[in-house]
Amino acid sequence: MSHRKRKALIIGAGIAGPVTAILLKRAGFEAAVYEAWSYSTGIGGGLQIAPNGMHVLNEIGLASELTSRGAVCESFDFYSQNGARLGSINRNMQARFGQPAVNMKRAMLNEALVDKAWSSCVEMHFDKRLARIEDRPDRPIVATFTDGATAEGDLLIGADGVHSAVRQHVIPDGPKPFDTGLLSFGGFVPRSLLEDAGFGPHIEATFGQRSGFFGCGFCSAEPVQGAMWWSTQPANGADAATYRAMNARELKQRLLDFHAGWHDPIPRIIDAAENIMVTDTLDVATLPTWWRGRTLLIGDAAHATSPHAGQGASLALEDAMRLSCLLREREELAVTFARFEAERRPRAERIVARARRNGNQKREFNRVSAWMRDRTLKILLLLNVASQDWMYAYNPCAITPQFETPPRQHRQAA
């Protein structure tokens, strides 16, 4: 006797969405992904996938390809504004955690994930912006899109990012993304600029004397855009839209002024930068629930983290892996969703909180506070080189945790 395959409607084709669909197809589900934006390539800045995230990419057969197309990062080295070395972390990741940390372009990662989803026979739909969700007893769950199209399934997964439309269905009056008060600028420059400065396979990160932070490193073998960079600065009442409204010359001069007097090659990187991206730094520290009825939030929709822990993409990959493992057990959705939240929430919220604390080191300091920060960092980096191992040692592909279902009940959507 054959059983009808359950179908998952997945909203969002960023990182968590396509990977969840790929893994659910392997688990015997039908899966369809719906993305609000048109399909495009070449969009986004650079990022790093930590070892915990690389385990998931390895599970879906993409780790080797993305490692070869990206750049393995063998350490994260910290400096003061004048170039004095403060310390180093995240060494020997491959040997310690079974996978390396890999820098890459977000666009390259997204393109590889979408291609893998297509080749796995996942339905991929673009220009489908969610309008509403209907979840009525004894009927399929229905997603309606702004163009009037609809889709039916057995469950719906919200993987639509920090500004999630699905979150509005799960928690209609819930918390909004929190503005951390920092702005991120970034982009790409030629590899030769870092090569000429003697860079190796590491990230070089610099704390400003009074405020701000600058990071750079290799992200691909491409000669023209093979190095990524980013600058984090206090917003001081402005937002990303203010800077995006500037012309390219004004924006570059603003960055050059902020980083005047910072050690080489930071001014040369900014001077060479084109197509500078600017984003507000947001997070979602906690939500009252991650699910409602047959709808579940994952990735940034559930627990958006600021970039200061380097874990946003890896957390999304972890969610996809753990959810697919739990859904394989074919329990009632309420049980599965409750188990997923109970398992994932403590780790995700711990990382969001750590990222926010890390970001606080990039705010404005007076001269004495900045001096104390640099000396404290030297000591902490020396003594606590393993303080972040709990993040990287986690392998979502190899764990089989047992969690009791929380006692609270969730009402089906009306």
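Here are some notes:
- Test result for L23, crowded, with 23+ Cβ neighbours inside 10 Å, more than 18 Å from the chain's Cα centre (by Cα) and in contact (Cβ under 8 Å) with a residue 60 or more places away in the chain: yes
- Residues of the range 172-191 satisfying the condition of being more than 30 Å from P265 (Cα to Cα), in contact (Cβ under 8 Å) with a residue 12 or more places away in the chain and more than 18 Å from the chain's Cα centre (by Cα): G174, P175
To keep it simple, each residue is scored yes or no on (1) open to solvent by less than 50 Å² (accessible area, probe 1.4 Å); (2) in a strand (DSSP E or B); (3) at pLDDT 95 or above.
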{"position": "K252", "(1), (2), (3)": "yes, no, yes"}
{"position": "A260", "(1), (2), (3)": "no, no, yes"}
{"position": "D271", "(1), (2), (3)": "no, no, yes"}
{"position": "A285", "(1), (2), (3)": "yes, no, no"}
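- Pairs, first modelled with pLDDT of 95 or more in the range 111-126, second of a type in the set (V, I, T) and in a helix (DSSP H, G or I), C-beta under 7 Å, six or more apart: L113/V19; K116/I22; A117/I22; S120/I22; V122/I22; M124/V114
- Evaluating M277 against the criteria (1) under 27 Å from N395 (Cα atoms); (2) touching a strand residue (DSSP E or B) at 6+ places or on another chain (Cβ under 6 Å) leaves one unmet condition, (1).
- Selection status of D147, touching a Lys or Arg at 6+ places or on another chain (Cβ under 8 Å), under 30 Å from E134 (Cα atoms) and free of Cβ contacts under 8 Å to residues at least 60 places away in the same chain: yes
- Residue in the range 306-316 that is in contact with a Gly (Cβ under 9 Å, 6 or more places away or on another chain), in a loop (DSSP other than H, G, I, E, B) and of a type outside the set (A, V, I, L, M, F, W, C) present: yes
- Residues satisfying the stated conditions in the range 26-37, i.e. surrounded by fewer than 21 Cβ atoms within 10 Å (Cβ to Cβ) and of a type in the set (D, E): E30
- Some residue of the range 213-227 being of a type in the set (S, T, Y) and open to solvent by 10 Å² or more (accessible area, probe 1.4 Å): no
- Filter pass, A342 being in a helix (DSSP H, G or I), among the small types (G, A, S) and at pLDDT below 90: no
- Pairing each residue of the range 383-404 that is under 18 Å from F337 (Cβ atoms) with any residue that is of a type in the set (V, I, T) and modelled with pLDDT of 90 or more, provided the two are 6+ apart or on different chains, yields C-beta distances under 9 Å for P396/V56.
- Being under 20 Å from G87 (Cα atoms), at pLDDT below 90, surrounded by fewer than 16 Cβ atoms within 10 Å (Cβ to Cβ) and within 19 Å of the chain's Cα centre (by Cα) holds for only one residue in R357, R375, and it is R357.
- The range 38-82 - residue that is outside any loop (DSSP other than H, G, I, E, B) and among the β-branched types (V, I, T) and, of those, most open to solvent (accessible area, probe 1.4 Å): V72
- Condition met for A320 (small (G, A, S) and open to solvent by 70 Å² or more (accessible area, probe 1.4 Å)): no
- Scope the range 177-196; condition surrounded by fewer than 19 Cβ atoms within 10 Å (Cβ to Cβ) and either modelled with pLDDT under 95 or in contact with a strand residue (DSSP E or B) (Cβ under 9 Å, 6 or more places away or on another chain) (or both); matching residues: P177, F178, D179, G181, P190, S192, E195
The values are calculated or read from the model by the stated rules, or taken from the named source; none is laboratory data. Bear in mind that the values here come from a model prediction, so they are computed numbers and not experimental data. Reconstructed Cβ throughout: ideal geometry from the backbone, glycine too, with neighbour counts over all protein chains shown. Heavy atoms of the whole protein, side chains included, go into the accessibility calculation; ligands, DNA and RNA do not. Shrake-Rupley method; radii C 1.70, N 1.55, O 1.52, S 1.80 Å.
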